[in-house]
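Below is one structure, written out as structure tokens, with a few remarks after it.
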Amino acid sequence: MKISFLSSLFTKDKKSLRLPDSLLIKKLKILSQEQNLSIFDNITIYHHAQTYHFPLILLDEARGLYIFEKKEWAYDDLKNAKVEKAQQQDTSKDTLSFEKKQDIIHQKLNELTHQSDIPIYNYLLMENLNASEYEHLDISFQELIPAKKVIFSDTPQEDILEKLHNSTSISTSHYSKDSILGNLLIQFALLDEDKNIRLCTKSQRDIIEHNVFELESMQAPTRSGKTNTLLLKAIFHLLTHKNSKVLIIKPTLLACDLLKQKLVALIEHAIIDFDILNILIVTPYQFLDIKKSDIPKLVLCDDANLLKNDFVLQLIAMQKNANLLLVNYRIATYTHTLKETFSFHETSVLFHHTYKLAKALLLIARYLKNSKANDIIVISNEQTQKELRDDLHYFIEETTTAMQVSEHLMLQKLNAILFLDTLKIDELSPKHLIILDITEKQAQYLEQSIQKTAKSVDIIYDKPQDFITQLKEKYESN
């Protein structure tokens with residue numbers, strides 16, 4: 001089986017079915033884009049074991065949260081309606097339920113952030129009723145649902161904005177989309193190492209909601225949030241497909257264990273009833289031990305470019321029994337692409353031609369003044385690692401440990417300086433990376449390691465070599 005032949009498999013136009021937006025929803029989306037508002041239509045809030053559907057939610061960070069009820073009522077349905085008829089339908093699915101939905105929003109925000117003071121404003125979308133028809137309805141109905149709270153099918157875009165602003169005022173508080181929508185819509189909430197919430201981008205949300213069909217692929221650069229997006233995709237799949245499972249393949253035990261930690265943190269934060277055992281996170285070797293009949297219907301293979309090609313071809317061969325998404329597999333055309341990167345810093349890269357152990361000790365001591373021990377990763381061979389750890393115990397009163405990629409991360413201490421013998425740092429994102437004994441073979445992973453490091457990369461060497469000179473010219477910071 002040739003790779004050139006396989007590439008054609010990834011171009012199938014099989015997409016999740018989604019109905020086109022109505023004219024009224026299009027108006028609201030254009031308005032939101034122009035006014036820098038955040039809008040979600042046909043969205044679900046998950047809270048404990050319950051789900052709550054919202055036809056449309058809109059956040060104005062300066063004013064508050066707008067929730068919309070959508071009704072299909074036409075003039076012929078309402079022309080003889082009176083308040084008494086509406087009151088008799090209080091328990092019907094066709095009645096308004098703003099109060100209950102406000103309570104759910106306040107409750108979830110209070111449990112997650114201990115703040116539930118955001119103003120919430122209610123509006124009704126009536127796509128089959130125009131403003132003129134509304135004026136001919138019974139006065140009792142107009143009193144029940146005032147025109148100022150209704151967006152009609154023919155309401156101009158500028159009038160929509162006026163209606164939204166007339167019942168609100170600019171608040172002294174700021175309601176950021178990350179803190180409000182990120183906590184309400186846990187299926188689109190990225191959680192960093194410091195438990196800060198960030199709302200997914202539009203391209204990330206599209207991938208999360210998309211139903212993988214047969215064989216698909218995704219391209220995503222470093223710091224695009226690809227791994228977290230895959231994790232949220234697995235969670236969302238289980239929330240929307242009851243009694244199902246998802247399998248995620250990562251290259252190493254270390255990567256698997258770090259992803260399991262992220263999964264636990266996300267579920268603990270989300271306040272949802274969720275069985276994390278339904279998300280299987282395995283290495284390629286562990287995958288080969290799974291019976292074919294036990295493989296879930298959805299398989300997500302992260303960092304496929306780091307796996308042996310024979311294994312990837314084996315995954316593709318079994319694709320008839322499962323829907324498969326390959327991430328960063330080397331092909332000509334991708335089904336999905338994450339273009340945005342989230343690197344909010346400049347990483348300093350410095351080369352040091354000096355005695356490596358003494359320089360490494362000086363750098364570690366300097367970084368420990370403003371950083372935690374587990375913010376530092378040291379890359380070295382086994383002999384250098386032993387000597388440096390001995391010196392650290394003698395000169396610096398700081399706990400150190402060696403990260404063993406062959407052992408489960410859950411069994412190892414994570415509150416200390418980490419030592420690795422490879423530049424393939426997988427899911428780790430240190431603040432400071434100190435590299436000793438770099439080889440020409442390892443240098444191919446340097447760029448990826450720099451992208452994953454937040455503040456500084458120090459390469460220490462005691463013998464000049466041509467490949468180091470080339471790396472220095474390419475990477476060293478001014």
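Only the coordinates and a few stated rules stand behind these numbers; no lab work does. Quick caveat, the model's predicted, so the values are computed rather than measured. In this analysis, Cβ positions are derived from the backbone assuming ideal geometry, glycine residues included, and neighbour counts consider all displayed protein chains.
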Select from region 326-377 those chymotrypsin sites (Phe, Trp or Tyr not before Pro) which occupy a DSSP coil region and have at most 16 other Cβ atoms within 10 Å, ordered by residue number. PHE342, PHE344, TYR355
Based solely on its DSSP helices, what 222 nm [θ] is calculated for the chain when runs of n ≥ 4 H residues each add -39,500 (n - 2.57) and the sum is averaged over all residues, nearest 500 deg cm²/dmol? -10000 deg cm²/dmol
Give the residue list of trypsin sites (Lys or Arg not before Pro) in region 330-373 that are DSSP loop and have at most 16 other beta-carbon atoms within 10 angstrom. ARG330, LYS339, LYS369, LYS372
So how long is each side of region 119-172 along the principal axes, counting just the alpha-carbon atoms, biggest first, in Å? 40, 23, 13
Suppose the Debye formula is applied to equal point scatterers at every Cα of region 190-288; what is log10 I(q)/I(0) at q = 0.13, 0.21 Å⁻¹? -0.46, -1.32
Once you wrap a convex hull around the alpha carbon atoms of region 307-389, what is its projected area averaged over all directions, in nm²? 10.3
Paired Rg and Dmax values of the chain, which use every Cα atom, in angstrom: 27.3, 91
At most 13 other Cβ within 10 Å, DSSP loop - trypsin sites (Lys or Arg not before Pro), region 97-201: LYS195
Rounded to the nearest 20 debye, what is the charge dipole size of region 271-332 about its Cα centre when +1 sits on each Lys and Arg Cβ and -1 on each Asp and Glu Cβ? 340
